[in-house]
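Right, one structure below, let's go through it.
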Amino acid sequence: RIPTFVQIQYLLFRPSDFENKIQVSPEEIKRYYEVRKDTFKIPKQVRVRDILIKAGPQDTADQLEVKKKKAEEILEKAKKTKDFGPLAKQVSEAEYASKGGDMGWIQRGSLGEQIESILFSMKAGDLSGVLTARDGFHIFKIEEVKEEKQKPFEAVKDQILQALKKEKAKAEASRKAEDAFYSLFRSRNLEGYSREKDIPIKTTGLFKEGDDIQDIGKNSLFYSSAFSLKLGEISPVVNIPPNFYILKLVNKKDSQIPPQDEV
């Protein structure tokens, strides 16, 4: 069986085409910052060193006990030394042992809630004690702490300007596409509308569901919209981020079983 093939003509509404025409006032930028102030915070970070004694499900209860005791002995040594790094190099089994156990700056969401709740309650210079994790027994030391900080307005105003431009350009592209749909509902003359409004128009080759379509790629929403149309019919506005489309079916070859001689 040969599957159904269709050919689509479509109008293309790109937010990027409208960005340069968008105006954003200083008041809008300031209001955006005030309303979303929490999103412009630098979260608390801690710089951590770690000693790991590896353990896991393959270990027996006795083996786990021996490894835990070893970690506790190392903790006692760590309490007596000022420099955690050389000790980590000597005894840690973690991948960053060669760096003195230095894990760099950590923020919430990277080590798991249970361990992070302990680390983020500690001060610079504190040792964690022996903590049990999936990969074994850890001893953490906090080297430095950076408290949560609010980014000042001046530092983020350009970022906000670009965000607002993109937001407004997307809304404008969507509005233009909806206007076009209502204008074309009866005439269905995509080419005339394209010339009149200077909106890009493109025509695909014949394609079947699952084919790679030039400038679109493989997109289930484009397929479903295209294959639901009758010949000459136009689709409602189709949003395939970041763009908006109006589709028209211009050619269709129905599915068929070819004659025996062909196959």
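The values are calculated or read from the model by the stated rules, or taken from the named source; none is laboratory data. In this text the structure is predicted, and so the values were computed from the model without any measurement. When we count neighbours, we look across all protein chains shown, and the Cβ atoms used for this are built from the backbone with ideal geometry, even at glycine. Note: areas computed on protein heavy atoms with side chains; ligands, DNA, RNA excluded. Shrake-Rupley method; radii C 1.70, N 1.55, O 1.52, S 1.80 Å.
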**Fill in**
Karplus-derived 3J(HN,Hα) from phi for region 147-156 (6.51 cos²θ - 1.76 cosθ + 1.60, θ = phi - 60°), whole Hz, x at Gly and Pro, runs 6, 4, 9, 7, 6, x, 4, 4, 6, 10
**region 60-176, accessible surface, carbon-and-sulfur percent (1.4 angstrom probe)** = 48 percent
**Message:** Need the full-extension length gain, Ala133 to Thr81, defined as separation in residues times 0.36 nm minus the C-alpha distance. One decimal, nm.
**Reply:** 16.3 nm
**Prompt:** Between Ser255 and Asp179, what FRET efficiency comes out of the Förster formula 1/(1 + (r/R0)^6) with R0 = 35 Å and r the beta carbon distance, rounded to 0.05?
**Reply:** 0.45
**Prompt:** So what's region 46-104 giving for Rg/Rh, alpha carbon basis, Kirkwood Rh from the mean inverse pair distance?
**Reply:** 1.01
**Among Gly85, Ile115, Ser16 - extreme Cα towards positive end, dipole of the chain, charges at beta-carbon** = Ser16
**Label-point gap, in nm, between Glu233 and Arg108 - each point 7 angstrom along Cα→Cβ** = 5.1 nm
**Message:** At a threshold of 8 angstrom on Cα-Cα distance, excluding pairs fewer than six apart, so keeping six or more, what relative contact order does region 203-257 reach in percent?
**Reply:** 26 percent
**Item:** Charge dipole (the chain, unit charges on Cβ, about Cα centre) - positive-most of Gln7, Leu206, Ile246
**Value:** Ile246
**Item:** the chain: relative contact order as a whole-number percent, Cα under 8 Å and 6+ apart
**Value:** 36 percent
**Request:** Using only Cα atoms, locate the centre of region 53-84 and the centre of region 187-258, then give the distance between them in Å, rounded to an integer.
**Result:** 64 Å
**Message:** At 7 Å along Cα-to-Cβ for each site, give me the label-to-label distance between Gln58 and Glu144 in nm.
**Reply:** 3.8 nm
**Request:** Quote the charge dipole size of region 59-215 about the Cα centre in Debye, to the nearest 20; the model charges only the Cβ of Lys and Arg (+1) and of Asp and Glu (-1).
**Result:** 480 debye
**Message:** I need the phi-derived Karplus couplings for region 115-126: 6.51 cos²θ - 1.76 cosθ + 1.60, θ = phi - 60°, integer Hz, Gly and Pro marked x.
**Reply:** 6, 5, 4, 7, 4, 7, 9, 8, 10, 4, x, 6
**Asked** Along the Cα-to-Cβ line of Glu116, 7 Å from the Cα, sits a label point; which residues in region 135-177 have backbone N less than 20 Å from it?
**Response** 135-136, 138-151
**Prompt:** What order do you get for 214-224, 130-140 when each peptide is scored by the mean count of other beta carbon atoms within 10 Å, highest first?
**Reply:** 130-140, 214-224
**Asked** Amide H of Ala94: which non-local residues (sequence gap of 5 or more, or other chain) have their own amide H closer than 5 Å, using H built in the peptide plane?
**Response** Leu52
**Prompt:** Length gain on complete extension for the stretch Arg14 to Arg47, per 0.36 nm per residue less the alpha carbon to alpha carbon distance?
**Reply:** 7.5 nm
**Asked** Of the labelled options (i) 23.1; (ii) 25.2; (iii) 14.3, which one gives mean projected area of the Cα convex hull in nm² as computed for this structure?
**Response** (ii)
**Request:** Compute the distance in nm between two label points, each set 7 Å from the Cα along the Cα-to-Cβ direction, one at Glu191 and one at Tyr96.
**Result:** 6.3 nm
**Prompt:** How large is the dipole of the chain about the Cα centre if only Lys and Arg carry +1 and Asp and Glu carry -1, each at its Cβ, rounded to the nearest 20 debye?
**Reply:** 580 debye
**Complete:** Per residue, accessible area of the chain with a 1.4 Å probe, heavy atoms of protein chains only, in Å², comes to 62 Å²
**Mean separation of Cα contacts under 8 Å (6+ apart) over length of region 1-98, as relative contact order %** = 28 percent
**Message:** Report the gain in length on full extension from Gln159 to Ile213: 0.36 nm times residue separation, minus Cα-Cα distance, nm rounded to one decimal.
**Reply:** 16.0 nm
**Prompt:** What list of ³J(HN,Hα) values in whole Hz, one per residue of region 91-102 in order, does the Karplus curve 6.51 cos²θ - 1.76 cosθ + 1.60 (θ = phi - 60°) give from phi, with Gly and Pro shown as x?
**Reply:** 10, 6, 10, 7, 5, 9, 4, 5, 9, x, x, 6
